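Structure record follows, encoded as structure tokens.
The values are calculated or read from the model by the stated rules, or taken from the named source; none is laboratory data. All values reported here derive from a predicted model rather than from experimental measurement. When we count neighbours, we look across all protein chains shown, and the Cβ atoms used for this are built from the backbone with ideal geometry, even at glycine.
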Amino acid sequence: MQKVWKLFMKGFIFCFLLLLGLTVIMPVLLLMSGSLMDTWELKGYLSAVFTDGESFIGWRLIPEFPTFANYGKLLFETPQFFVLFWNSMKLVCGILAGQLFIAVPAAWAFAVYQVKGSRVLFALYVVLMLLPFQVTMLSSYLILNELLLLNTHKAIILPAVFSTFPVFLSYGGFRSIPPQLLEAARIDGAGELTIFLRLGLPLGKSGLLSAVVLGFLEYWNMMEQPMTFLEDKSLWPLSLYLPEITWAQAGHAFSASVITLIPAVFVFVLGQDYLEQGIIYSGLKE
Amino acid sequence: MKSQKMKKLLIGFAVFMVFMLACTLVSKSIYAYSLPMVSTIVPESKYVEHIVETEGIIVAGGEKPVTCLPGLRIDSIQVHVGDRVEEGDVLFRIDMEDLEQLIGEKREEISKVSLNIDTILENQEIAQQKRDLELARAREDYDITARLKDTEVGRAAENYVQAEKDVQENGGDEELRDALQSAAYGEADAKAERDEAVKQAGRRVEDALLPDTAASDLEMARLEMADLQDSLNALQKIKEGEGVAAAPSGGVVTEIFIGVGDRVPDTAVLLISDESLPCQLKVTITKDQKKYISLGDQVSVKLVGKSKELEATIDYLAESKSVPEGFAALINLPENTGVPGVEGIISRSEPGEKYKLCIPPTALYKKDDRYYVYVLKEREGILGEEYYVEEVNVKVLDQNDNWAAIEEGALDQESRIITSSTKEVSKGDVVRWEQ
């Protein structure tokens with residue numbers, strides 16, 4: 001009897017979790033099915049949007065008339081999409097490269113060298129990390145204007161390069177390296193640069209890669225910074241493309257969303273393991 | 001195992017990026033190919049002159065009818081409308097068999113009328129004898145009546161005289177006076193009776209003297225005879241001419257009213273242009289053209305086949321009966337110029353005002369009562385600077401075949417007006433500019 005009850009509970013929990021999982025993944029499923037629907041089918045389902053909410057939106061997970069026309073139009077007839085796609089790539093790669101170059105040595109310094117005031121400075125870093133973009137937007141705008149960087153990609157890349165969040169994440173990874181190991185290396189005659197390159201980076205790569213994955217996901221989807229600092233549409237990232245699409249092109253919007261999702265999924269899957277570790281490090285007590 | 005998975009993921013990501021790169025190139029080329037290529041002009045300052053040019057046809061200044069003896073049957077017609085004929089040219093031929101038959105019929109009719117005349121003459125002679133006899137008898141009756149009645153009057157007068165004498169002799173006896181009275185009445189009655197009888201006898205004499213009605217019948221028969229004879233002579237003449245109807249004068253056949261096999265009507269068989277009058281060029285002008293052409297205006301006339309242009313005036317201008325909303329104009333050509341049926345072109349240039357903004361009419365579009373143009377504009381798009389089409393409503397001040405004058409305001413001299421496109425364009429379309 002107890003066995004049956006256990007089995008029942010197991011099944012119940014499985015079903016409950018499956019339901020929760022399906023609920024979580026439902027937006028992606030809707031996105032996928034919407035991208036395979038033709039204009040007329042979508043219009044039928046979304047007509048409630050245009051009738052002042054007098055009725056409810058209907059939906060089918062499996063389209064009645066599946067078509068790849070939306071993808072065909074997006075991939076072969078819409079160069080605007082690719083302009084923004086490569087803008088996004090340029091911005092994200094530039095930001096991540098800059099962060100690796102600036103934030104990683106900074107995190108190494110905070111983690112390894114105990115100089116006077118470093119803890120205060122690190123605390124200030126954390127405070128800066130907590131500040132939302134809206135708080136720093138005006139000051140950033142004024143500075144970028146003075147530096148004649150507005151309406152250029154540098155206006156997005158440079159502030160992000162000096163973001164404190166990757167410092168915070170990498171710091172956790174570097175802190176997990178035992179100080180005795182570093183001391184032993186010094187005794188063996190290794191220089192500080194060698195220790196950083198040969199010991200610090202390999203041992204703290206989980207924190208670095210988690211910073212890269214999280215940074216990619218954040219900057220791939222950023223909207224406020226480009227909307228504020230970029231005037232020319234030709235400089236916009238992909239995240240600003242979807243609002244440009246009208247409701248009449250709903251299928252186009254769904255397919256664009258799916259394509260936009262792919263690089264983020266790749267990066268997430270590639271760095272999934274490191275992401276978990278990096279988050280664990282960031283939670284470690286000093 | 002884990003690194004193997006990572007490797008596959010990295011390869012997959014690389015393939016995705018290469019695919020995106022390829023799609024970038026393909027989509028750009030497809031997009032560029034699909035964009036309409038437009039060419040533009042900027043408005044120019046121009047004089048908008050109006051040139052009215054229209055074709056017409058030369059018509060005869062007057063027409064002469066060609067007639068023939070009515071009732072004859074047409075055997076063949078040798079001319080068509082528009083043919084030029086000279087005097088004596090064969091116009092049509094009469095059916096000779098039918099003509100022979102008609103001549104026979106005429107002769108028969110003449111014989112009948114001739115017999116009729118003879119009969120009338122004979123009857124007249126008999127009637128004359130009768131009338132003479134009646135006249136003699138009437139006169140005789142008149143004389144006898146006059147004589148008898150005079151006698152009766154004389155007797156009555158005598159009775160009256162006797163009665164008067166008796167009264168005078170025998171006094172005023174009542175009976176005698178009555179007798180005198182009666183005698184007086186008797187004399188008066190006798191006189192009245194005599195006058196009446198003489199009058200009646202005189203009238204009978206007058207009646208006998210009246211002319212005979214047969215005389216007018218004879219006259220009519222003779223007239224009919226003369227007519228028939230004339231007709232016969234005419235038929236004989238046609239027969240002698242072997243049934244040929246020739247043109248009485250030179251000209252162009254303008255209208256034919258009969259067909260082969262028809263009987264000749266008593267009206268005109270066909271019409272020939274009157275060459276003694278100058279020809280006219282007949283043109284039809286539209287309502288729009290009418291704005292720039294009026295009665296008495298000088299126009300240039302170019303006739304087909306003639307190298308030299310003529311200067312002439314519009315001599316007649318009125319609403320056309322055959323063309324709705326059209327106007328018919330006539331231009332008298334100089335003497336001995338033009339042949340009816342030949343085409344001609346008239347042209348007139350009306351100098352217009354100078355306008356600051358003029359565009360070709362091909363760049364101007366009309367929907368209902370609204371005129372608009374497509375203007376090329378520039379904007380910042382995702383692909384960078386891009387050209388797009390904007391629809392601008394305009395007011396047309398004047399227009400000819402080459403230029404349309406536009407009111408200032410909606411456009412300026414910098415506006416790039418789209419004049420042609422490789423594809424149909426509409427408001428908001430992104431296009432390529434052929435500079």
Limited to region B:256-302, what total is found for residues that are acidic (Asp, Glu) and closer than 25 Å to B:Ala312 by Cβ?
4
With region B:35-154 as the region, which strands (runs of 3 or more DSSP E) entirely inside it contain at least 3 residues that are surrounded by 14 or more Cβ atoms within 10 Å (Cβ to Cβ) and within 40 Å of the chain's Cα centre (by Cα)?
B:50-59, B:63-66, B:74-77, B:90-94
Could you say whether any residue in region B:233-242 is among the aliphatic types (A, V, I, L, M), under 24 Å from B:Asp75 (Cβ atoms) and either assigned by TED's automatic domain parsing to the domain that holds B:Arg84 or buried (at least 18 other Cβ atoms within 10 Å of the Cβ) (or both)?
yes
Cβ pairs under 7 Å, 6+ apart, first in region B:170-186 and farther than 13 Å from B:Ala157 by Cα, second of a type outside the set (A, V, I, L, M, F, W, C) and surrounded by fewer than 12 Cβ atoms within 10 Å (Cβ to Cβ)
B:Leu176/B:Asn170
Which of the residues belonging to region A:66-117 are basic (Lys, Arg) and within 14 Å of another protein chain (Cβ to nearest Cβ)?
A:Lys73, A:Lys90
Taking region B:381-393 and the residues there that are surrounded by 13 or more Cβ atoms within 10 Å (Cβ to Cβ) and within 14 Å of chain A (Cβ to nearest Cβ), the one that is modelled with the highest pLDDT would be B:Tyr388
Looking at region B:268-275, can you tell me whether even one residue there is within 27 Å of B:Glu319 (Cβ to Cβ) and outside any strand (DSSP E or B)?
yes
Considering only residues that are of a type in the set (D, E, K, R) and either under 14 Å from B:Val38 (Cα atoms) or surrounded by 16 or more Cβ atoms within 10 Å (Cβ to Cβ) (or both), which ones fall in region B:401-435?
B:Arg416, B:Lys423, B:Glu424, B:Lys427, B:Asp429, B:Arg432, B:Glu434
Considering residues that are buried (at least 17 other Cβ atoms within 10 Å of the Cβ) and within 15 Å of A:Leu201 (Cβ to Cβ), the number found within region A:97-111 is 9
Residues (more than 10 Å from every other protein chain (Cβ to nearest Cβ) and at pLDDT below 90) located in region B:2-32:
B:Ser3, B:Gln4, B:Lys7, B:Lys8
Note on region B:283-338: residues at pLDDT below 85, among the β-branched types (Val, Ile, Thr) and either part of a strand (DSSP E or B) or under 21 Å from B:Glu350 (Cα atoms) (or both) are B:Ile293
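Can you tell me which residue in region A:263-272 is surrounded by the fewest Cβ atoms within 10 Å (Cβ to Cβ), limited to those that are over 12 Å from the mean Cα position of the chain (by Cα) and at the interface with chain B (Cβ under 8 Å from one of its Cβ atoms)?
Selected residue: A:Val269.
If we keep just the residues of region A:39-65 that are among the aromatic types (Phe, Trp, Tyr) and out of contact with any Gly (no Cβ under 9 Å at 6 or more places or on another chain), which is nearest to the other protein chains (Cβ to nearest Cβ)?
A:Phe50
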For region A:143-191, which positions are loosely packed, with under 15 Cβ neighbours inside 10 Å and polar (S, T, N, Q)?
A:Asn145, A:Asn151, A:Gln180
On the basis of being farther than 30 Å from B:Gly82 by Cβ and not in a helix (DSSP H, G or I), does B:Pro211 make the cut?
yes
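Results for (1) assigned to a helix (DSSP H, G or I); (2) more than 28 Å from the chain's Cα centre (by Cα); (3) exposed (fewer than 15 other Cβ atoms within 10 Å of the Cβ), shown as yes or no for each residue.
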| position | (1), (2), (3) |
| --- | --- |
| A:Cys15 | yes, yes, yes |
| A:Ile25 | yes, no, yes |
| A:Val28 | yes, no, yes |
| A:Gly44 | yes, yes, yes |
| A:Ala48 | yes, yes, yes |
| A:Glu54 | no, yes, yes |
| A:Gly72 | yes, no, yes |
| A:Gln80 | yes, no, no |
| A:Gly94 | yes, no, no |
Look at B:Gly154 and say whether it is touching a residue at least 60 places away in the same chain (Cβ under 8 Å) and among the small types (Gly, Ala, Ser).
no
Residue that is farthest from the chain's Cα centre (by Cα) [pool: residues in region B:327-371 that are surrounded by 17 or more Cβ atoms within 10 Å (Cβ to Cβ) and of a type in the set (Gly, Ala, Ser)]:
B:Ala363
For B:Val52, indicate whether it is within 30 Å of B:Thr284 (Cα to Cα), away from chain A (no Cβ under 14 Å) and in contact with a helix residue (DSSP H, G or I) (Cβ under 7 Å, 6 or more places away or on another chain).
yes
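Any residue in region A:237-244 that is at pLDDT 90 or above, within 17 Å of the chain's Cα centre (by Cα) and in a loop (DSSP other than H, G, I, E, B)?
Checked against the condition, which is being at pLDDT 90 or above, within 17 Å of the chain's Cα centre (by Cα) and in a loop (DSSP other than H, G, I, E, B), region A:237-244 yields at least one hit.
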